[in-house]
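Heads up, the thing below is written out as structure tokens.
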Amino acid sequence: MRYTFQDSTDFPVQRDFIQDLQDLIRISTEVIPLEKSAIKIKNENRGKIAIYEKRIQEIDMFEKDIRDCIENRTAEVNAADILEIKARTLETSSTVALTKKNEKLEELDRENKLDLMEVQQLETRILSNLSPFFEDSIYGAKSIYYAFVEDKKLRGKQVSFVDGMQYEFELYFTRDTLKVKDLHELTLPVWSKSGIISREKKVKKLDISDFYISSIEYEGNNLKAVLEDNKDPENRFIISADEKTFLILHKDYEITGYEELAAALNRDSVNIFIIKLIELFKEFVGSKRLRRIMLDGKNVVDENRIFDCLKLIASIYGQLITQCIEKGYTEGEITLKIEEPEGIRTEKYLEKSEMLREFSTIGSEGQELAKILKVTET
């Protein structure tokens, strides 16, 4: 599939930009009201806390006033029966005050738990709604992929970055464990000692196809993978690679650093395996879940800054909208030409007025997004 501007020049991002714009409108109309609701609950909760704290202070002050009054009234009294009444009165006053304060604290705790539960449900919905869009529609993002074994199960993580925003996906693999042979049969040369007296080092071909893939880190063209023998955890290989070369560590030595071992290495086979390791994050990932979004180092859900993230995305999209308008032939329309592999050509378009109308349904935030996207009338 090839995407171009209306003047047939290549679109900078080879994606269905019109569909991504429609998805941006949709998620904005979904998550902005949810964030507003969460903010409202948090503000109301702060108000409740202030009211409860004030009441507890009033109880403390009232008890103190009673204590001061009784102390002043009995300052010159020495009669045992009156002093006994004084002591019991102060004790009762203190007990009742403490009971009432505890009741207020319990009420506040119940209110906090209910509010927290409601906020967490809203925040879960926000991340759930954003998750599909964040998977592929954040242009210019750089990603790091991780796979690792935890509790004897293969788990994964994707951390992506763009313009001060960082977002993290939890990756769910279709298999709990992966062996080398699940990707590619692989044999590597290692040192083997032979002879009874001299214990001379010799090259031995070791089939590691049954080794488990215990961890992978992949960023851009750089990859690092650890392959382990389940029967002997110390018998493991570490493969590090970039776009130009690779090196392999086994125990305490580097295979690619010894002439004899390097000569016995099937580099084509290793290169194929490295490619398969990279493809693992597409072939064996069944689903993803957006877990966290950070902006300027702070959690946007906790800080109520989801809208700021949408503004950042809108600024990226707005630059492309400007180019679409400049290279288009119809005023007020964002047009994208699509050429399918079979040669069939179609056009998709989205009117600026339609976008503005959709964004207007979510108030001032929507109008601000429309302005950033450059689809307002002015």
Filter the stretch 266-278 down to the residues that are open to solvent by 60 Å² or more (accessible area, probe 1.4 Å) and free of Cβ contacts under 8 Å to residues at least 60 places away in the same chain, then identify the one that is nearest to the chain's Cα centre (by Cα). I275
I'd like the full set of residues that are under 30 Å from L108 (Cα atoms), open to solvent by 90 Å² or more (accessible area, probe 1.4 Å) and without any contact (Cβ under 8 Å) to a residue 12 or more places away in the chain, limited to the stretch 56-76. Q57, M61, K64
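Residues to consider are R305, R291; find the one that is in contact (Cβ under 8 Å) with a residue 60 or more places away in the chain and over 22 Å from H184 (Cα atoms). Working first, answer last.
Details: R305 fails: in contact (Cβ under 8 Å) with a residue 60 or more places away in the chain.
Answer to the check: R291.
Can you pull out every residue in the stretch 1-34 that is hydroxyl-bearing (S, T, Y), closer than 17 Å to L369 by Cα and surrounded by fewer than 19 Cβ atoms within 10 Å (Cβ to Cβ)? Don't jump to the end; show me each part of the working.
Taking the stretch 1-34 as the starting set, the residues that turn out to be hydroxyl-bearing (S, T, Y) are 3-4, 8-9, 28-29.
In the following step, the residues that additionally are closer than 17 Å to L369 by Cα were identified as 28-29.
Of everything in the stretch 1-34, just one residue is hydroxyl-bearing (S, T, Y), closer than 17 Å to L369 by Cα and surrounded by fewer than 19 Cβ atoms within 10 Å (Cβ to Cβ), namely T29.
Which residue out of K288, K276, K311 is of a type outside the set (A, V, I, L, M, F, W, C), modelled with pLDDT of 90 or more and farther than 30 Å from L34 by Cα?
Working: K288 fails: farther than 30 Å from L34 by Cα; K311 fails: farther than 30 Å from L34 by Cα.
Of K288, K276, K311, the one residue that is of a type outside the set (A, V, I, L, M, F, W, C), modelled with pLDDT of 90 or more and farther than 30 Å from L34 by Cα is K276.
Given the criteria at pLDDT below 95, within 19 Å of D176 (Cβ to Cβ) and under 35 Å from the mean Cα position of the chain (by Cα), does N221 qualify? Break it down stepwise before answering.
On the way: at pLDDT below 95: yes; within 19 Å of D176 (Cβ to Cβ): no; under 35 Å from the mean Cα position of the chain (by Cα): yes.
Taking the combined requirement at face value, the residue does not satisfy it.
Yes/no per residue for (1) under 28 Å from P132 (Cβ atoms); (2) at pLDDT below 95; (3) of a type in the set (A, V, I, L, M, F, W, C); (4) within 21 Å of the chain's Cα centre (by Cα):
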{"position": "I255", "(1), (2), (3), (4)": "no, yes, yes, no"}
{"position": "L261", "(1), (2), (3), (4)": "no, yes, yes, no"}
{"position": "A264", "(1), (2), (3), (4)": "no, yes, yes, no"}
{"position": "I293", "(1), (2), (3), (4)": "yes, no, yes, yes"}
{"position": "N304", "(1), (2), (3), (4)": "yes, yes, no, yes"}
{"position": "I316", "(1), (2), (3), (4)": "yes, no, yes, yes"}
{"position": "C324", "(1), (2), (3), (4)": "yes, yes, yes, no"}
{"position": "K327", "(1), (2), (3), (4)": "no, yes, no, no"}
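Condition check ((1) among the basic types (K, R); (2) without any contact (Cβ under 8 Å) to a residue 24 or more places away in the chain) across all residues:
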{"position": "D210", "(1), (2)": "no, no"}
{"position": "N221", "(1), (2)": "no, yes"}
{"position": "R236", "(1), (2)": "yes, no"}
{"position": "D252", "(1), (2)": "no, yes"}
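Within the stretch 100-109, can one find any residue that is without any contact (Cβ under 8 Å) to a residue 12 or more places away in the chain, part of a helix (DSSP H, G or I), of a type in the set (A, V, I, L, M, F, W, C) and open to solvent by 50 Å² or more (accessible area, probe 1.4 Å)? Before the answer, list the steps.
To start, the set of residues in the stretch 100-109 that are without any contact (Cβ under 8 Å) to a residue 12 or more places away in the chain comprises 102-103, 106, 109.
After this cut, where a residue has to be part of a helix (DSSP H, G or I) as well, the list is 102-103, 106, 109.
Of the ones still in play, those that are also of a type in the set (A, V, I, L, M, F, W, C) are none.
Checked against the condition, which is being without any contact (Cβ under 8 Å) to a residue 12 or more places away in the chain, part of a helix (DSSP H, G or I), of a type in the set (A, V, I, L, M, F, W, C) and open to solvent by 50 Å² or more (accessible area, probe 1.4 Å), the stretch 100-109 yields no hits at all.
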Determine if the stretch 83-98 includes at least one residue that is acidic (D, E), farther than 20 Å from V31 by Cβ and either within 19 Å of the chain's Cα centre (by Cα) or surrounded by 15 or more Cβ atoms within 10 Å (Cβ to Cβ) (or both). no
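Output yes when any residue across the stretch 36-54 is of a type in the set (S, T, Y), in a helix (DSSP H, G or I) and closer than 30 Å to S128 by Cβ, and no when none is.
yes
Given the stretch 193-253, what strands (runs of 3 or more DSSP E) lie entirely inside it while holding 2 or more residues that are closer than 30 Å to V159 by Cβ and open to solvent by less than 90 Å² (accessible area, probe 1.4 Å)? Reasoning before the result, please.
Details: elements: 200-207, 212-219, 222-229, 232-241, 246-250.
Ranges flagged: 212-219, 222-229, 232-241, 246-250.
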Scanning the stretch 286-315 residue by residue, the ones that are among the basic types (K, R) and exposed (fewer than 15 other Cβ atoms within 10 Å of the Cβ) total 3
From the options T361, T376, residue that is among the polar types (S, T, N, Q) and touching a residue at least 40 places away in the same chain (Cβ under 8 Å): T361
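Could you tell me whether any residue of the stretch 114-130 is in a helix (DSSP H, G or I), farther than 30 Å from R289 by Cβ and open to solvent by less than 90 Å² (accessible area, probe 1.4 Å)? Show your work before the answer.
First, the residues of the stretch 114-130 that are in a helix (DSSP H, G or I): 114-130.
Next, only the ones that are farther than 30 Å from R289 by Cβ stay: none.
No: zero hits.
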What's the total number of residues in the stretch 131-164 that are assigned to a strand (DSSP E or B) and polar (S, T, N, Q)? 3
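The values are calculated or read from the model by the stated rules, or taken from the named source; none is laboratory data. Because the structure is a prediction, the values reported are computed rather than measured. Quick reminder, even Gly has a Cβ in these numbers, built from the backbone with ideal geometry, and neighbours come from all protein chains shown. When the accessible area is computed, the model is the full protein with side chains, heavy atoms only, and any ligands, DNA or RNA have been set aside. Shrake-Rupley method; radii C 1.70, N 1.55, O 1.52, S 1.80 Å.
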